[in-house]
1. I need the per residue convex hull volume for the stretch 41-176, using only the alpha carbons, in cubic angstrom as a whole number.
2. Using a 1.4 angstrom probe on heavy atoms only, work out the carbon and sulfur share of the accessible area of the stretch 146-301 in %.
3. What number, rounded to the nearest 500 deg cm²/dmol, is the helix-based mean residue ellipticity at 222 nm of the chain, given -39500 (n - 2.57) per DSSP H run of at least four residues and division by all its residues?
4. Please name which of 246, 271, 216 has its Cα lying farthest along the dipole of the chain towards the positive end, using unit charges on Cβ (Lys, Arg +1; Asp, Glu -1) and the Cα centre as origin.
5. Counting Lys and Arg as +1 and Asp and Glu as -1, each charge on the Cβ, what is the dipole of the chain about the Cα centre in debye, to the nearest 20?
6. Tell me, how many Å apart are the Cα centres for the stretch 201-271 and for the stretch 153-188?
7. Grab the beta carbon distance between residue 70 and residue 139, set R0 = 51 Å, and tell me the FRET efficiency rounded to 0.05.
8. Consider a paramagnetic label point 7 Å from the Cα of residue 186 along Cα→Cβ; state which residues of the stretch 255-293 have an amide N under 15 Å from it.
Amino acid sequence: MLRQIRIMATAALCWAASASATPASDAKVTLNGVIDGARSVKISGTTYLLVTHRPYAGGRQKVTVLKPFAGKYTTLWTSPRDYGGGYGDSILGTDLTDLNRDGVPEVYLADVNAGNASGVETYTLVDLATKASYTVEVWFATNGTPGQISIGKSLGTANAASFRTYLEARVARSEALKDTRNTFAKASDAWYETYGTFLNHDTFDPVKITPITAKYGSKLCTLDSGSVLGKATLNGVEYRSVFKFGVMAFHAATKTCAVILATPGDSPDQLKVIGGELHIPLGYTGSSAIWNPQKQTLRWK
């Protein structure tokens, strides 16, 4: 009887210890260092641990999937590289799924690697049954222009349909796909996309311009006086040179403004009217752009 009581008491203690264990504490038993996050995911009756961890405080992170074995956990998969630590990259998200319902998990890992001017977000699903990787990348510039999506070839196969749908839903949430440029940046980029050949001196012939227009009171037509470096009036139209942006025309009669020349790398400060044309000196080229309002053309002097 005494032996039976001891067995029951030991079993109760083991149950209590197991009940008080957390995913983080279970992960700590298997992995050294710092556990940043751990959660349990049950797939086909097996409880896996999805863990984000680092070798020491402030170190670079890894993502590891742990699988139960002999009453403990053992490593099933770990990310091929580290993340974070001030190197311009970090983890965006992780998950465990079983999209193809084969009883073996797929691990999802999204990360970003960005520099001063550009970066890439990588969305990956690794099928742990086959070790195949399925990826989508979002390439973006840090100036706020919408990023571009690049889909891995492996997602084009028929057996990857569920993986593709899963990744599409997550990529759709990417902040890098949004256009976060301000009004002036959008107008400048649109002008350059259409007339960049003129600004790059790829042509010396007059270039017909269709100015980008907006109504008074809009963000494009509302300027702080400190942003205007030079002014000139021609045929009742006021032209303004805007710092690090370009030259705009303000039509009081129609209450509209127009971008006639974008110069994001220059700030012409002395607009001159000569012979019914507007002369715009550009410091970085050492020459002047000439605007003919009657012909709606720009040419180089």
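1. 111 Å³
2. 52 percent
3. Helices in the chain give a 222 nm mean residue ellipticity of -6000 deg cm²/dmol.
4. 216
5. 580 debye
6. Spelled out, the Cα-based centre of one part sits 35 Å from the other.
7. According to the calculation, E is roughly 0.70.
8. 259
The values are calculated or read from the model by the stated rules, or taken from the named source; none is laboratory data. Just so it is clear, the structure is predicted and the values come from calculations on it, not from any experiment. Quick reminder, even Gly has a Cβ in these numbers, built from the backbone with ideal geometry, and neighbours come from all protein chains shown. In case anyone asks, the SASA skips ligands and DNA or RNA and just uses the protein heavy atoms, side chains included. Shrake-Rupley method; radii C 1.70, N 1.55, O 1.52, S 1.80 Å.
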